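Chemist: The structure is given below, and queries will be raised subsequently.
The values are calculated or read from the model by the stated rules, or taken from the named source; none is laboratory data. Here the structure is a predicted model, which means the values were calculated and not measured. Cβ placement follows ideal geometry from the backbone for every residue including glycine, while neighbour counts extend to all protein chains displayed.
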Amino acid sequence: MNYEETDLTDAQILRMKAEERLKDNQKTSMPVLEADEKRLLHELQVHQIELELQNEELRRANEMAETALRKFTILYDLAPMGYFILNEEGTIEELNFTGANILHDKRISLLNSNFKLFVSEDSLPEFNDFFRKVFISNSKESCELMLGYGNNPPCPVYMEGVIADDEWKCFLSVLDLSDFKKQNKAK
């Protein structure tokens, strides 16, 4: 029977499937019982089969969720550009592995650090202007500047930032331009 073509709820479809499965099982193994006992046993068996069907659905949904999580993890963590989530003050709340590599540090060490600390001193006014525009304009902004702090070599980057609709967070993508600039100089 094709349940999708009828106007039944998921619970009703589940009940009908359980009833059918129980009928198939009873054809081979059900002894004759008193009427009340038979009805009660029937209800318990139907309920058990409903639970088994629900468990199968949950297992399938869980497998789909795990597959989606693996794909997201690969897409986010192994992306060729750095992804950051910054709060209004510029504190790094989330970042991917490429972002950590661009900043020359471990991911766990960078969490709760202020992104501005990694912007070169010469580029800090430009970054502050870019960051302010991201929060004011509520649209995607971009800039090109230098990252560099401590003994790390300066790194030219291209950035795009946008505010999430439901949160007051800056989603920042950072592309390391070092190799690109080296290739252009070699030409």
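Chemist: Check Leu145, Leu117, Leu111, Leu124 and return the single one that is of a type outside the set (Asp, Glu) and within 26 Å of the chain's Cα centre (by Cα). If you could, list the steps in order and put the result at the bottom.
Modeler: Details: Leu145 fails: within 26 Å of the chain's Cα centre (by Cα); Leu117 fails: within 26 Å of the chain's Cα centre (by Cα); Leu124 fails: within 26 Å of the chain's Cα centre (by Cα).
Of the residues listed, the single one that is of a type outside the set (Asp, Glu) and within 26 Å of the chain's Cα centre (by Cα) is Leu111.
Chemist: Output the qualifying pairs, or none if there are none: Cβ atoms under 7 angstrom, residues six or more apart or on different chains, first residue in the stretch 84-113 and assigned by TED's automatic domain parsing to the domain that holds Glu160 and on the phi > 0 side of the Ramachandran plot, second residue at pLDDT 95 or above and assigned to a strand (DSSP E or B).
Modeler: Gly90/Asn114; Asn112/Thr91; Asn112/Ile92
Residues checked against (1) under 30 Å from Arg21 (Cβ atoms); (2) of a type in the set (Ser, Thr, Tyr); (3) modelled with pLDDT of 90 or more:
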| site | (1), (2), (3) |
| --- | --- |
| Val32 | yes, no, no |
| Glu50 | yes, no, yes |
| Leu75 | no, no, no |
| Thr98 | no, yes, yes |
| Ile108 | no, no, yes |
| Ser120 | no, yes, yes |
| Asn138 | no, no, no |
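Chemist: From the list Phe135, Phe118, which one is in the same structural domain as Lys169 (by TED's automatic domain parsing) and farther than 12 Å from Phe171 by Cα?
Modeler: Details: Phe135 fails: farther than 12 Å from Phe171 by Cα.
Unique residue meeting the criteria: Phe118.
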